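Student: Structure below; questions to follow.
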Amino acid sequence: MENQAGQQSTRARADLLTAVVLVILGLAVFYYAYTMPRLEARRIHPATIPGLVPMALSAILVLLGGLLGVKAWKSQGDGSWADFFAVFRTLEAARAVAALAMVLIFALGLVGWLPFWAASMLFLFVFIVTMEAVLTSEQVNLPKTLIWASVTAIVAGAGIYYLFAELFLVRLP
Amino acid sequence: MLDGLILLGQGIAYFLTFEGIFNVVWATLLGLAIGILPGLTATMGVALLVTLTYNMEPAQAILTLMCVYLGSIFGGSRTAILLNIPGTPASAASSLDGYPLALQGRAGFAMGLATTASTLGTLVGIFFLALLAPLLTEVALNFGTYEFFWLALFGVIISGQLSGSDTPLKGYIAGILGLLVAMVGMESLHAHQRFTFGVSELSAGIDIIPAMVGAFGLAEILGQIKRHAEMRPTSVTDRVVPRFGELFQYWRTILRSGVIGTFVGIIPGVGEDVGAWSSYAAAKRFSKKPQEFGQGSHEGLIAAETGNNAVVSGAMIPTLTLALPGSAAAAVLIAAMFIHGVRPGPMLMIENAAFVYQVIAMLLLATFANLLFGLSLTRLFIRIVSIPQERLMGVIAVLCVVGSFAVTQRMFDVYVMLAFGVLGFLLREMKYPMAPLVLGIVLGDLLDLNLRRGLGLTNGDWTPFFTRPISAVLCLIVVGTILLSIPAVGRAGRRLVDTMTGKRRATGNS
């Protein structure tokens, strides 16, 4: 039960931070929509200006963000911000961040720098080894992981390349 | 009626070629595999596969996507039964009774029951699709700019209201974010660039396919990798194919769940999971043995599976007649239809009536293939579950990158996919539903264009938005939905109903 209360408190704090982001985003969008050209030179009716709907949507976003903030503030419970930030120091968080970092390196760095098949194989090998052997709390048979990572990387990397580049004639980067 | 049957017959005959059958077989098997693998959703499968259908003839491409969609909803029940982990969110309700049956050593029977119920659910949905699509098209032809504005708003609001698991507030926020994303790019009324900040790639707006691949693909990969669930399926040793009598005794449940699923499918953006849960709740309420629900009830499993599959056919009704997606996967199907030159909407029945019946034929073929493979390849499919998650998610990540790139063969779409992947992951972790976000992106232009066009036609007068009969009804539904999601109004409404029914009871008694 205590764990459930802790989770609720963490969620409430996350909601509070999100609410702040949403209100700021809403205000920024409203500003840009309000300052959008009114196209008077083209004799556009004021009720059909391009900024009308974004202005309305951003105003609603500010309102909803505010409501979320109030709701989250009221349901913070006994937890603390230290408990909230502890969520980011778990193995789970490390796995998610590492996975995202590897995908970003693959998509933004390796693709285009190496041929697509080579980039895919390298990414798959590193991804599998990191997730199966490094960022895990379980006992690992490293040689087995390395062999499976190599096999998966070669078969999947070559397979995806063949499917898209050769069969579907996509000009891969 | 006869014309419809002739068109349906022609539709089936059209696909009964080597190419058609080949596409049905591989796409259904792929769909089943996607459904079986926890973490891969129907929407993600359809979004990733759109890329592979570019070079296909339009009808064959949509057939392929439809088979994957239906197959993955079918397949989701396998892991729900064997692992107590739903393969797709649509199968969450199936795990309540499916897994207890597996623990009793009846996993094969549970899967057979789920497969047959799914088939019957789709058939009920197909019946309503054939019946309602032409009628709805006739109604939709009377829709003007005011009605389409309300329809777009209704889609986002109702989706936000029903899919917000934590609070409707988060559903609404997701919907508004989706609508704001749709504002990026050149607006349709005056050709003005909005929120492009000088980035030329943004002038055409955010493409739905890379956005969906990110929000449903990359976001799901990050979530699965974070959770790191170990999968140990229970073995299957018993009979798979259910007997006729074992199903027939639940004909009322099947019919009721099929109808509920179909109508949930018609509601924009609500999706298969709501169809399954609504059908399950209704079955429990009307059951003679409600105490067995959650303990391995055949009726509960049948209700959930009939309900979620009927949604697929139901979702096609607004998708085809109004271009309003009935589910998140249907939103991708709309994008795919546009890519292949098919324009869903009220004019589809007039311009290309044969296509509507081709879609019914596609659903029939996909259902038949699912039944066949679902009953015969059960043991083979279980092996898929034993693939370690890390290897699978790595491969899916490569597919997300290549899939989003292949849409227009430009790196910008990969950046869009990555951005939506991160956004989708963060939103999911904080319990924001994805369906309203997607629906917002799809319906944003419809809402924006019709609101400003309507105001332009009336010289800024709002009255027709509220006084035209269909507009007024839609407006009342939207306002009612929003008001009912406010706790104080909901409580007041319940008190009012209680008072009124109490008075009526008192009057009746006296």
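The values are calculated or read from the model by the stated rules, or taken from the named source; none is laboratory data. Not measured: the values here are computed from a predicted model. Please note: Cβ atoms are built from the backbone with ideal geometry, for glycine as well, and neighbour counts cover all protein chains shown. Accessible surface areas use protein heavy atoms only, side chains included; no ligands, DNA or RNA. Shrake-Rupley method; radii C 1.70, N 1.55, O 1.52, S 1.80 Å.
Student: Using a 10 Å cut-off on Cβ atoms, rank the peptides B:186-194, B:141-149, A:38-46, B:286-294 from the highest mean neighbour count down.
Tutor: The peptides rank, most packed first, as B:141-149, B:186-194, B:286-294, A:38-46.
Student: For a test of the definition: using alpha carbon positions, the gyration tensor, and the 1.5 limit on a/c, classify the range A:71-140 as rounded, prolate or oblate.
Tutor: It is oblate, given that a/c is not under 1.5 and a/b is not larger than b/c.
Student: Here is a follow-up. Carbon-plus-sulfur fraction of the accessible area of the protein assembly as shown, 1.4 Å probe, in percent?
Tutor: Looking at the protein assembly as shown in its full context, I get 67 percent from C and S.
Student: Sticking with this structure for a sec: Taking only Cα atoms of chain A, what ratio of Rg to Rh do you get with Rh as the Kirkwood inverse-distance radius? Intermediate results must be reported in sequence, preceding the final value.
Tutor: Numbers: Rg = 24.5 Å, Rh = 21.0 Å.
In chain A, Rg relative to Rh is 1.17.
Student: On a 0 to 90° scale, report how tilted helix A:52-74 is relative to the longest principal axis of chain A, with both axes built from alpha carbons and the result rounded to the nearest 10.
Tutor: 80 degrees
Student: At a probe radius of 1.4 Å, figure out the B/A buried accessible area, summed over both chains, and give it in Å² to the nearest 100.
Tutor: That pair of chains buries around 5400 Å² in total.
Student: Shifting gears a bit: With the solvent-accessible surface defined on protein heavy atoms using a 1.4 Å probe, which residues belonging to the range B:368-400 display a reduction of at least 20 Å² in accessible area in the multichain context relative to the isolated chain?
Tutor: Listed by number, the residues meeting the 20 Å² cut-off are B:Glu390, B:Arg391, B:Gly394, B:Val395, B:Ala397, B:Val398, B:Leu399.
Student: While we're looking at this one, here's another question. Quantify how strongly other chains surround peptide A:54-64 by giving the mean number of their Cβ atoms within 10 Å of each of its Cβ atoms.
Tutor: Other-chain Cβ atoms within 10 Å of each residue's Cβ, averaged: 5.
Student: Related question: May I ask for the Kirkwood hydrodynamic radius of the range B:91-143, worked out over all distinct Cα pairs and given in angstroms to one decimal?
Tutor: 13.4 Å
Student: Rounded to whole Å and sorted largest first, list the principal axis extents of the Cα atoms in the range B:42-192.
Tutor: Largest first, the range B:42-192 extends 64, 40, 33 Å along its Cα principal axes.
Student: Within 10 Å, count the other beta carbons around each residue, average over each peptide in B:481-493, B:3-15, B:411-423, and list them highest first. It would help to have the intermediate numbers written out before the result.
Tutor: Details: B:481-493: 13.2, B:3-15: 15.2, B:411-423: 21.8.
So the peptides B:481-493, B:3-15, B:411-423, ranked by packing, come out B:411-423, B:3-15, B:481-493.
Student: Please give the Cα centre distance for the range A:21-60 versus the range B:407-456, rounded to the nearest Å.
Tutor: Here the two parts' Cα centres lie 18 Å apart.
Student: Filter the GluC sites (Glu not before Pro) in the range A:128-166 down to the DSSP loop ones having no more than 10 other Cβ atoms within 10 Å, then list what survives.
Tutor: Those satisfying the criteria are A:Glu138.
Student: For the range B:1-35 and the range B:182-215, what is the centre-to-centre distance using only Cα atoms, to the nearest Å?
Tutor: So the separation of the two Cα centres works out to 35 Å.
Student: If you take the beta carbon distance between B:Leu496 and B:Ala472 as r and set R0 to 25 Å, what does 1/(1 + (r/R0)^6) give as a FRET efficiency, to the nearest 0.05?
Tutor: Numbers: r = 22 Å, r/R0 = 0.89.
Taking R0 as 25 Å, the efficiency between B:Leu496 and B:Ala472 is 0.65.
Student: Mind checking B:175-184 for the average number of partner chain beta-carbons within 10 Å of each residue's beta-carbon?
Tutor: Across the residues of B:175-184, the mean count of other-chain Cβ atoms within 10 Å is 5.
Student: Can you tell me the order of B:203-210, B:315-322, B:170-177 when each peptide is scored by its average per-residue count of other Cβ atoms within 10 angstrom, highest first? Mind showing how you got there, number by number?
Tutor: Working: B:203-210: 20.6, B:315-322: 28.2, B:170-177: 26.0.
Packing proxy ranking, top to bottom: B:315-322, B:170-177, B:203-210.
Student: B:Asp3 label point, 7 Å along Cα→Cβ, cut-off 19 Å on backbone N: hits in the range B:310-324?
Tutor: So the set is B:320-322.
Student: Something else: Looking at the range A:11-109 from every direction and averaging, what is the projected area of its Cα convex hull in nm²? Each step should come with its number before you reach the end.
Tutor: On the way: hull surface 39.4 nm².
Average projection, Cα convex hull of the range A:11-109: 9.8 nm².
Student: Per residue, what accessible area does the range B:372-482 have, given a 1.4 Å probe and all protein chains present, in Å²?
Tutor: Roughly 38 Å² per residue, with all protein chains present.
Student: A further question follows. Using label points projected 7 Å from each Cα along Cα→Cβ, tell me how many nm separate A:Thr90 and B:Ile350, to one decimal.
Tutor: According to this spin-label approximation, the distance is 5.6 nm.
Student: Something else now. Could you work out the mean count of beta carbons from other protein chains within 10 Å of each residue's beta carbon in A:85-98? Could you put the intermediate results ahead of the total?
Tutor: Values: counts 0, 0, 1, 0, 0, 1, 2, 4, 2, 1, 7, 10, 3, 1.
For peptide A:85-98, the averaged partner shielding equals 2.
Student: I'd like to know how the range B:176-231 sits against the 2.2 N^0.38 Å rule of thumb: what's its Cα Rg over that expected value?
Tutor: Compared with the compact-globule rule of thumb, the range B:176-231 sits at 1.57.
Student: For the range B:5-79, what is the accessible area per residue in Å², given a 1.4 Å probe and the full set of protein chains?
Tutor: Details: 2080 Å² over 75 residues.
Here the residues of the range B:5-79 average 28 Å² of exposed surface.
Student: Then there's this: For a quick size check, give me the Cα extents of chain B along its three principal axes, largest first, whole Å.
Tutor: 75, 71, 52
Student: Relative to the compact-globule scaling 2.2 N^0.38 Å, provide the ratio for the alpha-carbon radius of gyration of the range B:132-219.
Tutor: Values: Rg = 16.1 Å, N = 88, 2.2 N^0.38 = 12.1 Å.
With N residues counted in the range B:132-219, Rg over 2.2 N^0.38 Å equals 1.33.
Student: Between A:Tyr31 and A:Ala82, what is the label-to-label distance in nm when each label sits 7 Å out along the Cα-to-Cβ direction?
Tutor: Between A:Tyr31 and A:Ala82, the label points sit 3.6 nm apart.
Student: Using Cα centres only, tell me the gap between the range A:94-121 and the range B:266-296 in whole Å.
Tutor: The distance from the Cα centre of the range A:94-121 to that of the range B:266-296 comes to 42 Å.
Student: If the viscosity is 1.306 mPa s and the temperature 10 °C, what Stokes-Einstein diffusion coefficient in µm²/s follows for the protein assembly as shown when Rh is the Kirkwood radius over Cα pairs?
Tutor: After rounding, the answer is 61 µm²/s.
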